[in-house]
Amino acid sequence: MISTSSYNAFKSDKYGVYSISGDRGVDAGYDGKCYPDLAPKRGFWKEWKNNIGKVSFEENTKFYIQEYWNQVLFKLDPEKVFRELDDSILLCYESNMEFCHRHIVAAWFELLLEVSVREIKADGYKIEEVSKPEYIKEYLEEIIRNSVNMRNFNSLRAWYLFEKAEKLEAKACELEEKIGECYDDYRQAACFLRCDADMAEDEYLLRMKQKQLIKK
């Protein structure tokens, strides 16, 4: 399980933490582990910062999320990142209800891996779940859908699994051409991923149907 918090709200040395800030938490006096791959790029961060008050909050926020997706998240595998950070808390500066890239990371995990990522505060061993801005997940979902070929899938999880299968199949072809040996294990893994994608799509459509029935 991964959770998120701010440096100010996480007053505990009882749990594993990682800074994902661009400055590695220096201004907060943080000197622990860091995961720089999730830090925002300075260029779009500065542009977003300079645009505060000059354009609407929604436009500026979507700009930041779009660039964070293009320049950071799209280049990473969420399953690999989740494995490397599992059982830890990801830290950044902003308070729980402020816009922050850690909330984008949480939404990324939730949308593509279908896991729950809590925003928390802590004092010693005591941990409390707190609210986080839900619009960030909505914005990220919209941005991903508009940025990629969804391959006729409705589920982002299904799209992600299918893309993994395509990359694995391509890798098998590349290695077979280069080395001259069959990589049937890669192709079999790709087949399983496609089956998982179909299952994820079916589950997503069922959830959407149930939500529509509840609304009625």
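The values are calculated or read from the model by the stated rules, or taken from the named source; none is laboratory data. None of these values were measured; they are calculated from a predicted model. With ideal geometry, Cβ positions are generated from the backbone for all residues, glycine too; neighbour counts draw on all protein chains shown.
At-a-glance table
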{"read-out": "Long-range neighbours under 9 Å by Cβ, at least six apart or interchain, first residue in the same structural domain as Lys137 (by TED's automatic domain parsing) within the stretch 156-169, second outside any helix (DSSP H, G or I) and hydroxyl-bearing (Ser, Thr, Tyr)", "value": "none"}
{"read-out": "Selected residue [modelled with pLDDT of 95 or more and loosely packed, with under 14 Cβ neighbours inside 10 Å] from Ser56, Ser6", "value": "Ser56"}
